[in-house]
Structure formats: C-alpha cells, structure tokens
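For reference, the structure discussed in these notes is given below.
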Amino acid sequence: MRLLLAEDDIKLAEYLVRNLKSSGYVVEWADNGVDAEFLALEEDFDCVILDLGLPQKSGLEVLRSWRTQKLDTPVLILTARDSWQERVDGLRAGADDYLGKPFKIEELLARLEAILRRRFGHADNSLRLDDIELDIDARTVTMADGESIRLTAIEFRLLRYLMLNPDRILSKTELSEHVYEEEQIKDSNVIEVYVNRLRSILGKERITTHRGQGYRLSI
Ligand code: CA
C-alpha cells in the first residue's frame, strides 16, 4: 500500500511516517499543498492523508481540485480540533473520513485500515483469495491445507498488492513502487527474487510470468 501524507508540521509528519512505515505502508511525504496536489495526480496512491491547514494551497482547495479532476483516491483529512465546520467542508469536498488533531496513532491506523477495507471490499483484517488467506495484522499467510507462514516486510507488501489486484498483469516497475520504502533502492529486478519466494509458499503456478510485461496472480 502506498500512501501520500500531506502535512506541514515536520515533527508530526516524521512521527507519522515512522509509524506508518512500521505498519507496512510505503509513504511519500509532501509538506505543502502545491506539491501534494501534484504528487497525487502524477503518482498512484492507495490513500492520501491530508492536513487541511497546509501552506501554499489549503488542503480543502487541494481536495476540491482532485475531485474536480476525477481523482478518486480515498482521502482521510486531518482537521483542527473542535472545528466541525472544517470537517463538514472536508467531507462535502470529497473526503472519505476525518480525524481531529491531536489524535492517537492507533486511531489513524484503524481509520486507514477501514478506508482501505471499504475501498477493496473486505470485511475484516485479512485478505482472502481462493485458498490463500493473508492476515494483515500478523503478516502471515495461510493456505487452505497448511500452517501459517510469517512473511518478511517486502514479501508481505508484495503479496498484499498482488492479492488486491488478482488476474491483472503487474509490471516490475509498478510492483516495486508499491513494495519498496522510498529510501530503498527500487530495483525492479529484485522483484523476481521476492516473486520466487512467494511461489515457494503459494505453489509455483499461482504467480505466472508474462515475458516483458510482468507477473500475474491467478485465482
Ligand atoms: Ca498544518
């Protein structure tokens, strides 16, 4: 999962980035409205966390511009405490949910998970596809007949992305954008190594290689 965090409070942003990463998200950070607006339109994110009080362009203006341009990425807005007007304006402008500052990181993570579940149509904190079950909290994968296997961070992000996009050919570039942290070298050739590790867990035929195009998880 790739998130865009738009927040100008550097201390808060660093704290959020650290926690989001340790929860398995790949995070890009923008500290002003202009950069945030541009990034979300240019790149592919699964969710945006948008502070409404941003310099250069307010979060509300940014959100309105995205929705006018038909960008349908889910947006969680961060609003000033006790400002019901901000919350109403934000929701009317197309936000999916809001969180008033200050908030507990646990609540942010829970709201994000809820948004992503709604987005991808899952009822609880596991993903199921055929006989594969991925537990999001424990980061384990279980096959119908087998034991639970704990995945490394990159294996987990790769399998989650494949399961959210079944029967679609995903290029190495797209996969590497969604599984590597920003400071990691986005070496798309290494994806093959991780794909092979997942194959050894899921069975060889589950992930097919499409020469020159990418990989597909078939159901
Ligand atoms: Ca702010």
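Bear in mind these aren't lab numbers, they're just calculated from the coordinates by the rules spelled out. Here the structure is a predicted model, which means the values were calculated and not measured. Glycine also receives a Cβ, built like all others from the backbone with ideal geometry; neighbour counts cover every protein chain displayed.
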Practice task
For a label point 7 Å from the Cα of E42 along Cα→C-beta, name the residues of the range 5-25 whose backbone N is under 17 Å from it.
Solution key: 5-7
Exercise for the section: Using only alpha carbons, build the gyration tensor for the chain and give me the equivalent ellipsoid semi-axes, biggest first, whole Å. Expected result: 33, 18, 15
Handout entry: Projected label distance in nm at H210 and T140, using a 7 Å step from Cα toward the beta-carbon
Key = 3.4 nm
Handout entry: Whole-number D in µm² s⁻¹ for the range 2-120, Kirkwood Cα-pair radius fed into Stokes-Einstein, 25 °C, 0.890 mPa s
Key = 176 µm²/s
Completion exercise
Applied in sequence order to the range 203-211, the curve 6.51 cos²θ - 1.76 cosθ + 1.60 (Karplus, θ = phi - 60°) yields integer Hz couplings, x standing for Gly and Pro, of x, 4, 6, 4, 10, 9, 9, 10, 3
Practice task
Would you grab the residues whose amide H sits under 5 Å from the one on W29? Only those 5+ places off in sequence or on another chain, please, with H modelled 1.01 Å from N.
Solution key: L5
Handout entry: Which of S58, V48, I115, positive extreme of dipole for the chain (C-beta unit charges)
Key = I115
